[in-house]
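Accompanying notes for the structure given below.
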Amino acid sequence: MITDSRDTRFLNVDLELYYKADFRELENEFREKAIVLQNYNGFLSVESNGNALDITATIAELTDVVSGLSDEARKIWDACDIRRFNIGISSGIKQGQYVFSISDKTISVLSSINAELAVTIYRVDDSA
């Protein structure tokens, strides 16, 4: 599906983790099945390496990685101060209303792994 860059649209989901100790084991396991974007000063950011086209499928790819963590990595996950799935949306410049749904099943899965949900809306440069 081809979308106009001026449309409001789903971009991706970043998994953001905050932890006061060493992320190394957790980062290594995420690196095997996802893309590690950042790891510095107690902050680890990861995104799916799949080609999911919607919010639910992208979150599912990341929660599957969490479900498959080793015991050692899961202890680090559980000890994180924040476990956030951050949905990125491009605001677009076209007028209209856009609805992005998140299923009750997805919300239940996030709750079961003690994760929160956030939404970041990115402004589109309309000067082009």
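Of all residues in the range 66-94, count the ones that are of a type in the set (S, T, N, Q), surrounded by fewer than 17 Cβ atoms within 10 Å (Cβ to Cβ) and in contact with a Lys or Arg (Cβ under 6 Å, 6 or more places away or on another chain). Selection size over the range 66-94: 1. Within the range 97-114, the set of residues being touching a residue at least 60 places away in the same chain (Cβ under 8 Å) and touching a Ser or Thr at 6+ places or on another chain (Cβ under 8 Å) comprises just one member, TYR98. Being part of a strand (DSSP E or B), of a type in the set (A, V, I, L, M, F, W, C) and farther than 21 Å from ASP7 by Cα is a property that holds for LEU44.
The residue list THR63, THR56 contains one member that is more than 19 Å from PHE30 (Cβ to Cβ), modelled with pLDDT of 90 or more, surrounded by 14 or more Cβ atoms within 10 Å (Cβ to Cβ) and out of contact with any Cys (no Cβ under 7 Å at 6 or more places or on another chain), which is THR56.
The values are calculated or read from the model by the stated rules, or taken from the named source; none is laboratory data. All values derive from a computational prediction rather than experimental measurement. Quick reminder, even Gly has a Cβ in these numbers, built from the backbone with ideal geometry, and neighbours come from all protein chains shown.
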